[in-house]
Amino acid sequence: MGFDLGALRQAVAAQGRVARVVIAEVAGSSPREVGAAMLVWQGPDGTRQSGTIGGGALEYQAAAKAFGRQGLTRHALGPELGQCCGGAVTLLTELYDADAVLALEGQEVIARGPGACPLVVSRLIDRARARGESPAPQLLQGWLVEPVAHATQPLWIWGAGHVGRAVVGVLCDLPEFAITWVDTAETRFPQGIPPGVCRLPAVQPERAMPHAPDDAAHLILTYSHELDLALCHAALMHGFRFCGLIGSDTKWARFRSRLKALGHLDAQINRICCPIGQKSLGKHPQAIAIGVASQIMALTREDKNAWPTHSSASGA
């Protein structure tokens, strides 16, 4: 969790003036964690927003008052808002325009509050910098400290068909993924590409594989089994952190045989996870996307060196 400067930059560029509401502190139970934030702006038909601080009455009230209430405010979720969480949250509401966003550029940790920066905040930032780490979002002596969010996992999605579109739609708003979306032609992509997703049309997509980072995760979801095979072969030649292939057990058995004939060892082939997703969810593109997204999100939160092979995955 961190300060999504890219999303704020895009919102301000599109809307001109944007309020950012972030959970600065939590006591007891809360619908979201410290650092969860939403952006609010005035649209032609009323208040609009992106992101969430947990939904329900807290979010509704915070969005409605975002342009008239700046600074820190504390809210008891039960007595004040009638929510069942039973805790209390402190919100920080700030207004941003183009100049305010420009003032944040180049910062890795955004810390702000009243008066001079407290010593405890300076020490926290210096200690994190010395260790090559990012401090956790936290409120210290009235100052909110937030690291700038950076995508930590390159994710290459091969195929812009129904399943590829569904997977991108599920994963595109998660800040940990830097998504590159590849297909054979510009016309294969939908007209509206989500912000932050890099579209890459390539007549021979397998030739784009060497451009992927060595630690990328790959989801191979194309319309063609021959193209899927070529991409699996290219991935094994190039290297990857994770590679998932959509398909059936029968498809994977044939692919294993053909990849072995191409010179790949069993130990290498076993690094490809196929089938991906969860068979129990069904074959609707959105159902497949939910299973695939759940699988890859779980993997990013585990030791990436221990990501499973196909034998430990359930099928799509």
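Against the chain, whose longest principal axis is taken from its Cα atoms, helix 5-15 shows a tilt of about 70°. Rounded to the nearest whole Hz, the Karplus-based 3J(HN,Hα) values (6.51 cos²θ - 1.76 cosθ + 1.60, θ = phi - 60°) of region 108-119 follow the sequence 9, 10, 9, 10, 8, x, x, x, 6, 4, x, 4, with x at glycine and proline. Taken per residue, the accessible surface of region 110-263 reaches 48 Å², heavy atoms only and a 1.4 Å probe. Relative to the globular-protein estimate of 2.2 N^0.38 Å, the Cα radius of gyration of region 6-98 stands at 1.05.
Of all accessible surface on the chain at a 1.4 Å probe, what whole percent is carbon and sulfur? Show your work: numbers first, answer last.
Details: 8060 of 15310 Å².
Within the chain, the accessible surface is 53 percent carbon and sulfur.
Roughly how far apart, in whole Å, are the Cα centres of region 9-30 and region 125-158? One Cα centre to the other: 16 Å. A simple packing score, the average count of other Cβ atoms within 10 Å per residue, orders the peptides 104-111, 60-67 as 60-67, 104-111, with the highest score first.
How long are the three semi-axes of the equivalent ellipsoid of the chain, in whole Å, if each is the root of 5 times an eigenvalue of the C-alpha gyration tensor, listed from largest down?
On the way: eigenvalues 341, 87, 76 Å².
Value: 41, 21, 19 Å, ordered largest first.
Looking at region 75-214, the DSSP beta bridges with both ends there are about 45 percent antiparallel.
Taking R0 as 41 Å, what FRET efficiency do you get between Ala64 and Gln286 from their Cβ-Cβ distance, rounded to the nearest 0.05?
Numbers: r = 32 Å, r/R0 = 0.77.
After rounding to 0.05, the efficiency reads 0.85.
7 Å from Cα along Cα→Cβ at both Arg74 and Asp249: what's the point-to-point distance in nm? The modelled label-to-label distance comes out at 5.8 nm.
Between Ala57 and Ala202, the FRET efficiency estimated from the beta carbon spacing at R0 = 41 angstrom works out to 0.30.
Report the gain in length on full extension from Leu104 to Asp214: 0.36 nm times residue separation, minus Cα-Cα distance, nm rounded to one decimal. Mind showing how you got there, number by number?
On the way: separation 110, 0.36 × 110 = 39.60 nm, distance 3.08 nm.
Using 0.36 nm per residue and subtracting the Cα-Cα distance, I get 36.5 nm.
What number, rounded to the nearest 500 deg cm²/dmol, is the helix-based mean residue ellipticity at 222 nm of the chain, given -39500 (n - 2.57) per DSSP H run of at least four residues and division by all its residues? Each step should come with its number before you reach the end.
Details: 9 runs with 95 residues, N = 316.
So the calculated ellipticity at 222 nm is -9000 deg cm²/dmol.
Using square roots of five times the C-alpha gyration tensor eigenvalues, list the equivalent-ellipsoid semi-axes of region 159-316 in whole Å, biggest first.
Working: eigenvalues 94, 66, 50 Å².
Each semi-axis is √(5λ); the values are 22, 18, 16 Å.
Under the combined filter of DSSP loop state and at most 10 neighbouring Cβ atoms within 10 Å, region 221-304 retains none of its chymotrypsin sites (Phe, Trp or Tyr not before Pro).
Within the listed set Val292, Val148, Val120, the Gaussian network model of the chain (springs between alpha-carbon atoms below 10 Å) gives the highest mean-square fluctuation for Val120. Evaluate E = 1/(1 + (r/R0)^6) for Ser224 and Asp173, where r is the Cβ-Cβ distance and R0 equals 30 Å; express this FRET efficiency to the nearest 0.05. Rounded to the nearest 0.05, the efficiency is 0.55.
The values are calculated or read from the model by the stated rules, or taken from the named source; none is laboratory data. All figures in this text were calculated on a predicted structure; none of them were measured in a lab. Glycine gets a Cβ as well: all are built from the backbone with ideal geometry, and neighbour counts include every protein chain shown. Accessible surface is based on the protein model in full, side chains and every heavy atom, while ligands, DNA and RNA are left aside. Shrake-Rupley method; radii C 1.70, N 1.55, O 1.52, S 1.80 Å.
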